[in-house]
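Heads up, the thing below is written out as C-alpha cells.
The values are calculated or read from the model by the stated rules, or taken from the named source; none is laboratory data. Keep in mind the model is a prediction, meaning the values are calculated, not measured. All Cβ positions, even for glycine, are placed from backbone atoms using ideal geometry, and neighbour counts span all protein chains on display.
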Amino acid sequence: MLKNKRGLSEAVMTVIMIALVLVAVGVIWVVVQNVISKQANTIDYNQKCFGIDLKPTKLTACAVTLERSSTSSGEAINGTSITISGTTTGTEYDYPGNIGTVATSTATGASCPASPASVAIRWYFLDSANVKHYCPAIAKYPAA
C-alpha cells in the first residue's frame, strides 16, 4: 500500500512539472512576440526612408527651400522637422504635409534666429494614430 501512494506522488509531481514548463514556455512566447512585433513596426517605417533624396537647397532669412530630387524613390512623406541655427540661437518647427516625389517647398519659420546660418531637416511618416516616425537621415544646408 505504501508503494502505491509513493507512485501516485511521483505521477502528481510529473504532471505539475509539465504544467510549469508549459506555463513558462507560454510566458516566454508572449514576451518574444511583443518584442518582434514592435521591431517589425520600426523596420517598416525605416524601409520607407530608403531612397528618399530630400534636402534643403536654400536658406534666405528664415525661408528654407526643400527639394526632393526626381531620382528619389519611396512614397510621399508626411512632413519635415526643420531646425534653423543662427550664430547663438536656433529654432525648430514642423513643415507638415506630403512632399511628393518631385517637389520644391518653401517653409517659413515662426520665430527665426537673428542671423540664420544653417538648417537641418528630418522627414517623418505618420502612423494611423498620427504618431511621427522620423527617418534616421538628417540633411543639412550648407552641407557639412
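Among the residues of region 50-66, how many are surrounded by 14 or more Cβ atoms within 10 Å (Cβ to Cβ) and touching a Pro at 6+ places or on another chain (Cβ under 8 Å)?
Within region 50-66, residues that are surrounded by 14 or more Cβ atoms within 10 Å (Cβ to Cβ) and touching a Pro at 6+ places or on another chain (Cβ under 8 Å) number 5.
Enumerate the pairs (first residue in region 89-111 and closer than 23 Å to Gly51 by Cβ and among the β-branched types (Val, Ile, Thr); second residue anywhere and modelled with pLDDT of 75 or more and not in a strand (DSSP E or B)) with beta-carbon separation below 8 Å, excluding pairs fewer than 6 apart on the same chain, so at least 6 apart or on different chains.
Here the result reads Ile99/Ala76; Thr101/Ala76; Val102/Ser69, each pair linking region 89-111 to a residue that is modelled with pLDDT of 75 or more and not in a strand (DSSP E or B).
Which condition number does Ala61 fail, the rest of (1) closer than 26 Å to Val131 by Cα; (2) at pLDDT below 85 being met?
Failed condition: (1).
Need pairs with beta-carbon distance below 6 Å; first residue under 19 Å from Cys62 (Cα atoms) and at pLDDT 85 or above and within region 129-144, second exposed (fewer than 10 other Cβ atoms within 10 Å of the Cβ) and not aliphatic (A, V, I, L, M); sequence gap 6+ or separate chains.
Within 6 Å, no pair qualifies.
If you take the residues of region 86-113 that are farther than 22 Å from Gln47 by Cβ and modelled with pLDDT under 75, which of them is surrounded by the fewest Cβ atoms within 10 Å (Cβ to Cβ)?
Looking at residues that are farther than 22 Å from Gln47 by Cβ and modelled with pLDDT under 75, I get Ala110.
Just for region 113-128: of the residues that are touching a Leu at 6+ places or on another chain (Cβ under 9 Å) and not polar (S, T, N, Q), which one is farthest from Lys58 (Cα to Cα)?
The initial filter retains those residues of region 113-128 that are touching a Leu at 6+ places or on another chain (Cβ under 9 Å), namely 116-119, 121, 123.
Those left that are additionally not polar (S, T, N, Q): 116-117, 119, 121, 123.
Working: Pro116: 12, Ala117: 11, Val119: 9, Ile121: 12, Trp123: 17 Å.
Per the criteria, the residue is Trp123.
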